[in-house]
Structure formats: structure tokens, C-alpha cells
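The values are calculated or read from the model by the stated rules, or taken from the named source; none is laboratory data. In this text, all values refer to a predicted model and were calculated from it rather than measured experimentally. Backbone-built Cβ (ideal geometry, glycine too); neighbour counts: all protein chains shown.
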Amino acid sequence: MKAAWYEKQGNAAEVLVIGEVDDPIPAAGEVRIRVRASGINPGDVKKRADSFGAGMPFPRIIPHSDGAGVIDQLGEGVSSEWLDQRVWCFGAQTYRPFGTAAEYTVVPLEQVAVLPGPVSFEQGACLGIPIITAHRAVHVAGPLIEKTVLVQGGAGTVGMTAIQFARQAGARVIATVRSERDLGTPGAYGADHVVLADGSLVDRIRELAPDGVDHIVEVALGANINNDVAVLGLGGSISTYATNVAVTAIPVWELVFINARLFFVGSDDVPKAAKAEAVAATNQLLEKEWKNFQIAASLPLGEIAHAHELVEDPARAGRIILQISE
């Protein structure tokens, strides 16, 4: 089968290779998916570039954790009802060398979900990491019904998804955006209020939530922690899944005085039960009121290096997808 891989880390154009590899065979409890679309997340390109300094965990890596396609082979113990099912998958390249940038991928059945008929393979390939991250970031602090949630970075992939999950949980949602061109995006995904992240941000949020917000979903902890503390209510919580700087100063006493809680969310290591909850909540929305991701570009497997470069472009809006097979 055709696949893309890298055997050393570095720039996309220098390390990504396209070639033929053996077709994978599913082991017990696994399924093989004929991949139709492969989603590319920032984490995928950071692993390839060694942005985290973790090195090569395997001699050869077929990248990308998320994808969608049709199950064509079953491992021992997997029910025959899964054969020929349209599915989306997550974690294909999480602690594993074999991701979705290939004509076939093999994953444990617990990392697969049925893709509802109206949902395209391209949209299905966008789900995995963003939905697990967003769902955990929204729910990690407990029930949210009739509470106020602030989503920092509401125009981003995780932010837009977090808005939908918070609304699904019965919360009132305030979202922030970095530019005026993005002001309409969070509202389209269900945010009750959208605030521009400028010098009046704290005052505006305080007007909307005089007693402070109950929970914050944070995309850039280093840049936003002081504003977060300024708008957080008594007993409130912050869940962060990213930061703009690796080492962040935390205003401890301010957080202590309001009995705040701070959670760190990494999608790879979200507990299995929480991942299952995220998948169930996602498919519930997919069946009824899911708002699709914007697809900025859909490229063939042979253009994977260019696709990675597009993901790395800070000015890019929308998801980048690889079309693997018809």
C-alpha cells in the first residue's frame, strides 16, 4: 500500500517520504480501516518537527492520529457488524508508529466510532484530537448546567468544539477572538457572547458575568493567565490545553484567595472513560446539530509535506485534510 512516513525529524519537505509498505493486519481486538481522509493536527506536525524535544519514539513513523474511512478487516474477537462500517478514528499514532497517512491503518476497536451517514469523511477526519481535547477541557471540573463558561480562542478548532460541548452541557458561553474578522465564528458555533481580546477584554467579560465566570477553557495560558484570574469567580476553574510559552508565571495567591482550580489537559493521556464520553457526546451532536469544521485545503497524500507547511502557517484558517483514497 502507499503511505507517507519519516525516519528522522525535521522540516516537512526534508524528512517526509512517500512510498510502498506492507498492508497492515489487525491483531485481536483491532480493526483495519481503508482510509478515505487523514486529518492533520498541530500536534502531528510538532512531533515530526520534534518541537517538544521528545525525539523519535519509533524508527519509522507514519504520521497523523485522526482519520476516517471504511473498515475492511476485523481482528479476532471483533463483531462482524463492524465490517464495511463508515467510521472515524482517533489515536492511531498515539504511542504507536502507524498513523492515518496511509491507504490503510489499524487501530483498537475502542478508538473507532461510527461515522453517521450525513457526515463526510473529511469532517470525520477532523474529529479525534480536537473533540477529546475540547470535551475534557469543558468537563474536567464537573457539571456545567446553568454556569458560565469562557472559551479563550473561540475561533480555533478546539475552541469552536468546546463551545458546542459547553452548550450541550447547558452552560452559557462567552468566547474570545483575536481579530475582528473572527467575531462571527464563535456565534455560529453557539456562543452566547463573543468578545474581542483587546484592552477592554476584562471589563467586557465582567459586564457579562458580574460575579465572575465559573470555568475557563484556555488555549494560551502564559498570555492569558492574568486576565483569566481577573474574570474568574469564587471557586472557579481553568482548564488549559496549550500555552504560548513553555514556562508560565502563575499568580498563586490570587488563585488561592478565590479557591480556584487549575487543570492541564493533554488529549493523548485523557482517561479512557473520558475519551469514551467525548466520543459519545460527539456522535450525539453529529446526529443532530453538529456545526462542521471549515476545511481550508484537501490535498492528496503525495502533497503531505505541503499540507504540513499549511498547518504550520499561523495565518491559515480552517483544517487541512489529506485525501487518501476514493
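Computed quantities for the displayed model
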| item | result |
| --- | --- |
| Residues being over 18 Å from the mean Cα position of the chain (by Cα), among the aliphatic types (A, V, I, L, M) and surrounded by fewer than 12 Cβ atoms within 10 Å (Cβ to Cβ) - total across the stretch 251-274 | 2 |
| Subset of the stretch 275-326 [assigned to a helix (DSSP H, G or I), surrounded by 16 or more Cβ atoms within 10 Å (Cβ to Cβ), of a type in the set (A, V, I, L, M) and in contact (Cβ under 8 Å) with a residue 60 or more places away in the chain] | ALA278, VAL279, ALA281, LEU285, LEU286, LEU301, ILE304, ALA305, ALA307, VAL311 |
| Pairs where the first residue, in the stretch 211-226, is within 13 Å of ARG261 (Cα to Cα) and the second is among the hydroxyl-bearing types (Ser, Thr, Tyr) and modelled with pLDDT under 95, C-beta under 8 Å, 6+ apart | ILE225/THR248 |
| Test: residue in the stretch 161-174 that is of a type in the set (D, E, K, R), more than 19 Å from the chain's Cα centre (by Cα), in the same structural domain as VAL140 (by TED's automatic domain parsing) and not in a strand (DSSP E or B) | no |
| Filtered residues of the stretch 4-29 (kept if under 23 Å from the mean Cα position of the chain (by Cα) and part of a strand (DSSP E or B)) | ALA4, TRP5, TYR6 |
| Residue pairs meeting the criteria (Cβ under 7 Å; at least 6 apart or on separate chains; first part of a strand (DSSP E or B), in the stretch 92-112; second among the hydroxyl-bearing types (Ser, Thr, Tyr)) | PHE98/THR105 |
| The listed residue being among the acidic types (Asp, Glu), over 20 Å from GLU277 (Cβ atoms), modelled with pLDDT of 95 or more and buried (at least 19 other Cβ atoms within 10 Å of the Cβ), out of GLU122, GLU207 | GLU122 |
| Residue, nearest to PHE90 (Cα to Cα), within the stretch 255-271, restricted to residues that are in a loop (DSSP other than H, G, I, E, B) and out of contact with any strand residue (DSSP E or B) (no Cβ under 6 Å at 6 or more places or on another chain) | VAL270 |
| Filtered residues of the stretch 126-166 (kept if in contact with a Lys or Arg (Cβ under 8 Å, 6 or more places away or on another chain) and not charged (D, E, K, R)) | CYS126, ILE132, ALA141, THR148, VAL149, GLY153, ALA155, THR157, MET160, GLN164 |
| Of all residues making up the stretch 275-290, the number that are among the basic types (Lys, Arg) and within 15 Å of the chain's Cα centre (by Cα) | 1 |
| Criterion: closer than 30 Å to ALA125 by Cα and not β-branched (Val, Ile, Thr) - qualifying residue of GLY212, GLY153 | GLY153 |
| Top-ranked residue in the stretch 11-34 [being touching a residue at least 60 places away in the same chain (Cβ under 8 Å) and touching a Phe, Trp or Tyr at 6+ places or on another chain (Cβ under 7 Å); ranked as surrounded by the fewest Cβ atoms within 10 Å (Cβ to Cβ)] | ASP23 |
| Single unsatisfied condition, ALA274 versus (1) in contact with a strand residue (DSSP E or B) (Cβ under 7 Å, 6 or more places away or on another chain); (2) at pLDDT 95 or above | (1) |
| Single unsatisfied condition, ALA37 versus (1) of a type outside the set (Lys, Arg); (2) free of Cβ contacts under 8 Å to residues at least 24 places away in the same chain; (3) outside any loop (DSSP other than H, G, I, E, B) | (2) |
| Test result for ILE62, crowded, with 22+ Cβ neighbours inside 10 Å and of a type in the set (A, V, I, L, M) | yes |
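Here is a yes/no grid of residues against (1) of a type in the set (A, V, I, L, M, F, W, C); (2) modelled with pLDDT of 95 or more; (3) assigned by TED's automatic domain parsing to the domain that holds ALA169:
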site	(1), (2), (3)
ALA220	yes, yes, yes
VAL231	yes, yes, yes
GLY236	no, yes, yes
SER239	no, yes, yes
VAL245	yes, no, yes
ARG261	no, yes, yes
PHE264	yes, yes, yes
THR282	no, yes, no
PRO314	no, no, no
